1. For region 2-15, state whether one or more residues are of a type in the set (S, T, N, Q), without any contact (Cβ under 8 Å) to a residue 60 or more places away in the chain and either surrounded by 15 or more Cβ atoms within 10 Å (Cβ to Cβ) or not in a loop (DSSP other than H, G, I, E, B) (or both).
2. Given (1) within 13 Å of the chain's Cα centre (by Cα); (2) over 26 Å from VAL75 (Cβ atoms); (3) among the aliphatic types (A, V, I, L, M), where does LEU32 come up short, assuming only one miss?
3. Going through region 24-38 one residue at a time, which ones are in contact with a Ser or Thr (Cβ under 9 Å, 6 or more places away or on another chain), surrounded by 14 or more Cβ atoms within 10 Å (Cβ to Cβ) and not in a loop (DSSP other than H, G, I, E, B)?
4. Name the residues in region 39-76 that are in a loop (DSSP other than H, G, I, E, B) and either among the aliphatic types (A, V, I, L, M) or closer than 25 Å to SER9 by Cβ (or both), would you?
Amino acid sequence: MRERRSSFSRRKVCKFCVDKVDYIDYKDTRRLRNFITDRGKIIPRRISGNCAPHQRQLTTAIKRARNIALLPFSVE
């Protein structure tokens with residue numbers, strides 16, 4: 001049997017809620033790049049710590065930025 005982890009892991013906090021961001025802009029590529037892996041995938045909510053509404057806004061913003069070539073779809 002595996003041993004249970006005795007240490008307490010701290011819950012991740014949504015960065016957009018902390019900064020009180022109402023709208024995630026697709027033109028803000030510097031912020032959006034933090035939520036994309038080096039392979040070009042969107043980082044999931046359970047890893048990034050975003051809340052559900054901001055994760056949905058983030059996903060649409062990344063997809064819009066990809067469509068107008070501000071962000072890459074994948075790595076060459």
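Each value in this text was obtained by applying a stated rule to the coordinates, not by laboratory testing. The structure presented is a predicted model; accordingly, all values stated were derived computationally and were not measured. Note that we place each Cβ from the backbone using ideal geometry, even for glycine, and neighbour counts take in every protein chain shown.
1. Filtering region 2-15 down to residues of a type in the set (S, T, N, Q) leaves 6-7, 9.
With the extra rule that they be without any contact (Cβ under 8 Å) to a residue 60 or more places away in the chain, the set shrinks to 6-7, 9.
Add one more test, that the residue is either surrounded by 15 or more Cβ atoms within 10 Å (Cβ to Cβ) or not in a loop (DSSP other than H, G, I, E, B) (or both), and what stays is none.
No, region 2-15 contains no residue that is of a type in the set (S, T, N, Q), without any contact (Cβ under 8 Å) to a residue 60 or more places away in the chain and either surrounded by 15 or more Cβ atoms within 10 Å (Cβ to Cβ) or not in a loop (DSSP other than H, G, I, E, B) (or both).
2. Of (1) within 13 Å of the chain's Cα centre (by Cα); (2) over 26 Å from VAL75 (Cβ atoms); (3) among the aliphatic types (A, V, I, L, M), only one is false for LEU32: (2).
3. Of all residues in region 24-38, those in contact with a Ser or Thr (Cβ under 9 Å, 6 or more places away or on another chain) come to 24, 26, 34-35.
Still in the running and surrounded by 14 or more Cβ atoms within 10 Å (Cβ to Cβ): 24, 26, 35.
Selection gives PHE35 alone.
4. Of region 39-76, the ones in a loop (DSSP other than H, G, I, E, B) are 39-41, 43-44, 49-51, 68-76.
Across region 39-76, the qualifying residues are LYS41, ILE43, PRO44, GLY49, ASN50, CYS51, ILE68, ALA69, LEU70, LEU71, VAL75.
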